[in-house]
Every structure is written in structure tokens, then in C-alpha cells.
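The values are calculated or read from the model by the stated rules, or taken from the named source; none is laboratory data. Remember, predicted model here, so these are calculated numbers, not experimental data. No Cβ is skipped: glycine too gets one built from the backbone with ideal geometry, and neighbour counts run over all protein chains shown. Keep in mind that these areas ignore ligands, DNA and RNA; they rest on the heavy atoms of the full protein, side chains included. Shrake-Rupley method; radii C 1.70, N 1.55, O 1.52, S 1.80 Å.
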Amino acid sequence: MNSFGNITAITKRELGGYFSSPVAYIFIVIFLLLTGTFTFLFGGFFERGQANLEAFFLWHPWLYLFLVPAVGMRLWAEERRSGTIELLLTMPITAWQAILGKFLASWAFIGLALVLTFPVFITVNYLGTPDNGVIWATYLGSFLMAGSYLAISSLTSALTRNQVVSLILSVVICLLLVLCGFQPLTDFLAARFSPAVVDTVASFSFLTHFMSFTKGVVDSRDVIFYLSIMVFSLFTTSVIIRSHRAG
Amino acid sequence: MLVSYQTFMIRVENLSKAFGPKVAVNRISFSVEKGEVLGFLGPNGAGKSTSMRMITGFIPPSEGKITVGGYDMVADPIPAKRLIGYLPENAPSYADMTVSGFLGFCAELRGLRGDEKKKAVNRAVEMCFLESVYYQSVDTLSKGYRHRTCFAQSIIHDPDILILDEPTDGLDPNQKHEIRSLIRRMGEKKVIIFSTHILEEVEAVCSRAIIIDRGQIVANGTPQELKQKSDLAGAVLLCASGVTAAEVTDRLANVSGARKTTIVKQDQGKIWARVYPKSESRNGELARAVHQAVQGWAIEELHTEEGRLDEVFRNITLPDTAKEETK
């Protein structure tokens, strides 16, 4: 109960922090603009002539690559820069509650941005009769994937007091995790290594695990993959925060 | 919440902290009782902030034990932290929040909700005179207000223990005065530890002072006791007119109980001289002896000095070589 109260308090504050600056609005506008542009211009939503949102979801791993670390970069870097981390961690709360509260706030924020893409959902339902089950599954996959990006951003944010450094680090790490399942790279690997190696590398990719969601399959293995990325990254965040304090 | 028979609210034993090879705090031990206002003194980088950060549970000690209100800070940090209100150095606060939002958030982390929270925020706002900026965003505040906002945060849950890292740093004299009187007022019922560079503050507020230098406690006592360590303590200052310096030194050389005599300054026919006692001179003995010796002179001033804290501080904390240079 008490820990739940602490987490809610931190989540509330953090969310308020997003909306008290223009960052939140800029992010949402850019996110919606980019998803729209990519869906209709590059994804060929209309040209496909299919009642599904593949053209929309196709771009999510790539859009998240830059947008999500931008949301997560301030989580700990800002606390460290301004010294408020000292305030936060001398409160009668555990570091875990703080880490989780902050993470949940940023995740909820991305969730909100995702909810605001509802016009494409309406559009596709207006134009045809899509399999909405697939669309919900892909939304879930996209949300889980965003959470994984965020958890990694939380980790890199704890590493530094500089938000830009945090941003760059998390983009690089996330890029690696996307690329290891990217077709051209897996083809490249397949030509040189045994299929087992290729599969192992690809199984670490955000892309590979996102693909089954886009087909409407909510496989527990994919869900566990994303959840374990989050747990691992948040755990590492706590280790980093502890080691800073230990000197 | 607090059991009254616990006299030692804070107990620190053999506390050490090393950052890599650099030892910031080296085996310090002390304890503080309820009703005490303890001043932490020391030059920059002496380990004051590091010690306070360990006591408040922000950084874990490399060695040693901290007990706060009976709870071990390392093994059982949550109940220990509950007892403490902490004002970190430079008084950080969330720049993107309003004063009311910030204090509300801190109150929530202290476990206060609803009416309790509202009351706590109002009380802290009142005590720190923040009414006029209540709805203002923290980043639009002047330094003094920002400082007081963070101070308000530290007293929001009416803690039994207050730990203040340079609470008057960067404030104007009026604000300093306010904070000092606040500390003094609250010190009657609480345990307060605060660090400062300002020695007059120690005399004005503290019931006890600890001087830390290079990570170690070099002095621990009431401001009065510390002043006794001064060279000047018990010295007699004499001001006379119409005599020469030679006459003064000559006359005072033979005063019983005097170690040495120095001429402090000469100005417009007046001459100031200081007579240092041989050993601890008892109540005005030296002053009477000096008075005897200079009978017949026109005395403008004659008094026994108390000793000065800044001199004690310098003597204790300056490395020996630097001490020679300043003499």
C-alpha cells in the first residue's frame, strides 16, 4: 500500500513534469505527424488496397528509435544535474519505487501518444472491415516495444548527468537491438554463419519480436522478451544509481 | 512515533567514506541528543557534506555505523529516513513545479495524504514565508525563495531530526537572520545538525560545534569551550593615552601571570596593548594585575577577551606550514 502510494506520487509528478514544459506537446505533435506521414506517404496506405494497419505499424520500431529515447533521456540525467536526486533518495522511499514510478510515467506518456493515433484506426475501419484483433495485438506489441526502448533510455539516463549523452547512448543501444533483426543484416549474417547463430542474434531484436504482433499473434515468448528487457534495464538502472552513490 | 527515552537521536560510530583512493571522511564518531543544535564546521572539502549525505542515507558509508532514532541507516533505511528532514547543499528543487506542487509532492512521499497533506503544506509555507509565491513556478523564484522552498520541504513532516547543509548559504542578511531564528526556535524540540562556514552563526545558534578537517573531527564542544582554545582567550586588552609604546611594554613586562605583551595599534596618541596570560587566568585576575601595573595612566579601555572562534578555527584547520605564513 505504502509503496504503491509512493510510486503513484512519483508517477504523477513525473507526468506533470512532462506536461509543464512544451516538450510533451512537441513530442506528441511530432509523433503524430511522423506516423501520419510515414503511413500515408511512404507506407502507401491507400495504394496497398488492404484494410489493415501494416503501413502504420511498420514504422514504429524506427520512429521509436529516436522519439522514445528523447522522452526517456531526462528521467535520471535531469535529477542528477539539478541535484534533486539527493532529495528524492533521502525520502523514505526505496530506489526501486523511484525507478518504477519514473518509468511508468514515461511509459504512460508514450501510451497516451499511441492512443492519440486513433484516427488511423477510425480511418481504416471507415474504409473497410479490418481484422481489429490484429490491430489491438499490434498496438499491444507496439506499447510493449516502447516500454523496452524506455527502460533502456532509463538505464542510459542514469549513467550521465547530460541528457544529450543519454540520448545518443540509448539511440545507439536501441539501434543495435533493432538492427540485429533487420533483414539486410540477417541476410548478411546468414551468408557467413550457421542458421543457429543468425537465429540467436535475430532473437535479440525488437523487430523480430514485433513482427508476430503485427500478424495478430500475441505469443508469450514475445511478451516475455519485452518484459525481460524492461526488467533487466530497470534493474541495471538501480545498480547504476547505487554505484554512483557508493562513489 | 518517537520513544521519549531515546536520548541519543543520532549516533555515528567510526564513520568512513572513501571515493576511490581519496578518503573523504575518516573514522568520525559523535552523537547528538534531543534539544541539541549541532554545528558542523570545517573548510571546504573537509567532509561535511559527505558526512551529512551518509547520515541522511543518500550515500552508503564505506565503514562504520549510523543509528538514527534507534534505526540503523544502512540496514533499515526507511524508518530512519522518516525521522529526518534534509536540506541538501544548494537547496535543489524541481524547477518545473510550482511551490505548492513541489511541497505537495514531498508531503506525499512523506506519506501524508488529503487533509493531513494540506495542513502540512500550509504549516511549512507559513513557517518559511512562502505565501506570496505559493502558485509560482520554482524556476521563476529568486535564490532566497528557492532556498526557503527547499527548507520548507525539509520541515514538511515536522521531523524530529533536521539536517541542514549550509542552510544560510547565499542568502541576504535578513534571510540569514530568519533562517537562524527558525533553527533556534525549532532546536528546542528537535535535533538539528547544520553545516556552515559562518562562525558567528555557530555562536548565535549552536549548542555544540564540531570542527571537521580533512575528514576527521578535530574539535568537539560548546562554542564557549572552543573559544577557550583560542590564544586570545583570557588575554587582557588595554588602551591608554598619553604614553609611549616603550613605556607600555616596559610596565607590562613585569605583570605577574603575563606571558607576553604585544602592542596592537597606535592611533592619535592612544595605544592598544594586549597582555597574554601564562596559563588559564582565573576570573579577571590578570586584568586586575594589569590595572595595578598601569596605575596613574589615563586608561581608555581595559577588558578580558573571550577568545575568537575564527582564530581557533584557523589554528585547528590550517596545515602547519600555512599557519606559519599567516603569523
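Leaving out ligands, DNA and RNA, what percent of the accessible area of the protein assembly as shown is carbon and sulfur, probe 1.4 Å? Walk me through the numbers on the way to the answer.
Details: 15360 of 26380 Å².
Roughly 58 percent of what the probe reaches on the protein assembly as shown is carbon or sulfur.
Among B:214, B:251, B:314, which one moves the most in a GNM of chain B with springs linking Cα atoms closer than 10 Å?
Between B:214, B:251, B:314, it is B:251 that shows the largest mean-square fluctuation.
Using 1/(1 + (r/R0)^6) with R0 = 51 angstrom and r between the beta carbons of residue A:3 and residue B:185, what's the FRET efficiency to the nearest 0.05?
Between residue A:3 and residue B:185 the formula returns 0.90.
Sorted from largest to smallest, which semi-axis lengths in Å does the alpha carbon gyration tensor of the stretch A:154-235 give for its equivalent ellipsoid, taking the root of 5 times each eigenvalue?
Details: eigenvalues 130, 62, 23 Å².
Working from the Cα gyration tensor, I get semi-axes of 25, 18, 11 Å.
Once the other residues with Cβ under 12 Å from the Cβ of residue B:309 are scored (Lys, Arg +1; Asp, Glu -1), what is the net sum? Before the final figure, lay out the partial values.
On the way: positive: B:227, B:229, B:308, B:314; negative: B:200, B:201, B:203, B:225, B:306, B:310, B:311.
Surrounding charge for residue B:309 is -3.
Show which lysines lie in cross-link reach of residue B:22 when reach means a straight Cα distance below 18 angstrom and same-chain residues fewer than eight apart are skipped.
Hits, sequence-local ones excluded: B:48.
Please report how far the C-alpha centroid of the stretch B:77-135 lies from that of the stretch A:154-170, rounded to the nearest whole angstrom.
29 Å
Shielding of B:90-97 by partners, i.e. mean partner chain Cβ atoms within 10 Å per residue? Show your work: numbers first, answer last.
Values: counts 3, 2, 9, 4, 11, 6, 10, 4.
Per residue, the average neighbour count from other chains is 6.
What ranking do A:236-245, B:256-265 get when scored by the average of other Cβ atoms within 10 Å per residue, highest first? Walk me through the intermediate numbers first.
Details: A:236-245: 17.2, B:256-265: 14.2.
So the order, starting with the most tightly packed, is A:236-245, B:256-265.
Using the Karplus curve 6.51 cos²θ - 1.76 cosθ + 1.60 with θ = phi - 60°, what ³J(HN,Hα) values do you get for each residue of the stretch B:13-21, in whole Hz, with x for Gly and Pro?
10, 6, 6, 10, 9, 10, 9, x, x
Can you find, among A:49, A:125, A:26, the residue sitting farthest towards the positive end of the charge dipole of the stretch A:3-246, where Lys and Arg contribute +1 and Asp and Glu -1 at Cβ?
A:26
Show me, for the stretch A:202-210, the HN-Hα J-couplings you get by feeding each phi into the Karplus relation (A = 6.51, B = -1.76, C = 1.60, θ = phi - 60°), rounded to Hz, glycine and proline as x.
So the Karplus estimates, Gly and Pro as x, are 5, 6, 8, 8, 4, 5, 3, 6, 6 Hz.
Restricting things to Cα coordinates, could you compute the convex hull volume per residue of the stretch B:105-255 in Å³?
Details: hull volume 29.2 nm³, N = 151.
Output value, Cα hull per residue: 194 Å³.
Please enumerate, by chain and number, the lysines with C-alpha under 29 Å from the C-alpha of residue B:118, excluding those fewer than 8 residues away in the same chain.
A:12, A:102, B:34, B:81, B:143, B:176, B:189, B:190
Compute the accessible area per residue over chain B, keeping the other protein chains in place, probe 1.4 Å, unit Å². Mind dumping the intermediate values first?
Values: 15320 Å² over 327 residues.
On a per-residue basis, 47 Å².
Which percent, nearest 5, of DSSP beta bridges in the protein assembly as shown are antiparallel? All intermediate terms of the calculation are to be shown ahead of the outcome.
Values: 41 of 59 bridges.
About 70 percent, rounded to the nearest 5.
With both partners inside chain B, how many of the DSSP beta bridges are antiparallel, as a percent to the nearest 5?
On the way: 41 of 59 bridges.
So the antiparallel bridges amount to about 70 percent of the total.
Inside 10 Å of the C-beta atoms of B:98-108, what's the mean count of C-beta atoms belonging to other chains? Mind showing how you got there, number by number?
Values: counts 2, 0, 0, 5, 3, 0, 3, 8, 5, 1, 8.
Across B:98-108, the average partner-chain Cβ count within 10 Å equals 3.
Can you spot the aspartates and glutamates whose alpha carbon is less than 18 Å from residue B:270's alpha carbon? Ignore those fewer than 8 places along the same chain.
B:247, B:250, B:300, B:301
Any idea which of B:263, B:296, B:253 is furthest toward the positive side of the dipole for the stretch B:236-305, if Lys and Arg beta-carbons carry +1 and Asp and Glu beta-carbons -1?
Comparing the listed Cα positions along the dipole, B:253 ranks first.
Explain nothing, just the number: dipole magnitude of the stretch B:10-227 about its Cα centre with +1 on each Lys and Arg Cβ and -1 on each Asp and Glu Cβ, in debye rounded to the nearest 20. Before the final figure, lay out the partial values.
Numbers: 28 positive and 27 negative charges, 57 e Å.
Roughly 280 debye, rounded to the nearest 20.
Express the Stokes-Einstein translational diffusion coefficient of the stretch A:3-246 in µm² s⁻¹, to the nearest whole number, given a Kirkwood radius over alpha-carbon pairs, 10 °C and a viscosity of 1.306 mPa s. Intermediate values should be presented prior to the final figure.
Working: Rh = 18.9 Å.
So the translational diffusion coefficient is about 84 µm²/s.
In Å, what Rg and Dmax follow from the Cα atoms of the protein assembly as shown?
Answer for the protein assembly as shown, Rg first and Dmax second: 32.9, 119 Å.
So what's the angle, to the nearest 10 degrees on a 0 to 90 scale, between helix A:163-179 and the longest Cα principal axis of chain A?
40 degrees
Need one value for B:14-25: mean number of C-beta atoms belonging to other chains within 10 Å of its residues' C-beta atoms.
Details: counts 0, 0, 0, 2, 1, 2, 1, 0, 1, 0, 1, 0.
Neighbouring Cβ atoms belonging to other protein chains average 1 per residue here.
Kindly report the accessible area of the stretch A:3-246 per residue (heavy atoms of protein chains, probe 1.4 Å, no ligands, DNA or RNA), in Å².
Working: 10720 Å² over 244 residues.
On a per-residue basis, the stretch A:3-246 sits at 44 Å².
Show me B:206-212, A:79-85 ranked by packing, highest mean number of other Cβ atoms within 10 Å first. Can you show the working numbers first?
On the way: B:206-212: 22.9, A:79-85: 18.7.
Descending mean neighbour count gives B:206-212, A:79-85.
Compute the Rg/Rh shape ratio of chain B: radius of gyration over Kirkwood radius, all on alpha-carbon atoms. If you can, show how the numbers build up before the last one.
Values: Rg = 24.4 Å, Rh = 22.4 Å.
Taking Rh as the inverse mean 1/r over Cα pairs, Rg/Rh reads 1.09.
Taking the C-alpha atoms of the stretch B:236-305, how large are the radius of gyration and the largest Cα-Cα span, Dmax, in Å?
10.9, 33
How high is the relative contact order of chain B? Use alpha-carbon pairs under 8 Å, at least six apart in sequence, and give a whole percent.
Working: 623 pairs, mean separation 59.0, N = 327.
Relative contact order, chain B: 18 percent.
Where the only charges are on Cβ atoms (+1 Lys, Arg; -1 Asp, Glu), what is the dipole of the protein assembly as shown about its Cα centre, to the nearest 20 debye? Kindly include the intermediate steps, with their values, before the conclusion.
Working: 55 positive and 53 negative charges, 113 e Å.
Value, rounded to 20: 540 debye.
How many square angstrom of accessible surface are buried between A and B, both sides summed, with a 1.4 Å probe and rounding to 100?
Values: alone 12350 and 16520 Å², together 26380 Å².
Summed over both sides, the interface buries about 2500 Å².
With charges set only on the Cβ (+1 for Lys and Arg, -1 for Asp and Glu), what does the dipole of chain A come to about its Cα centre, in debye to the nearest 20?
Values: 13 positive and 11 negative charges, 142 e Å.
Its charge dipole is roughly 680 debye.
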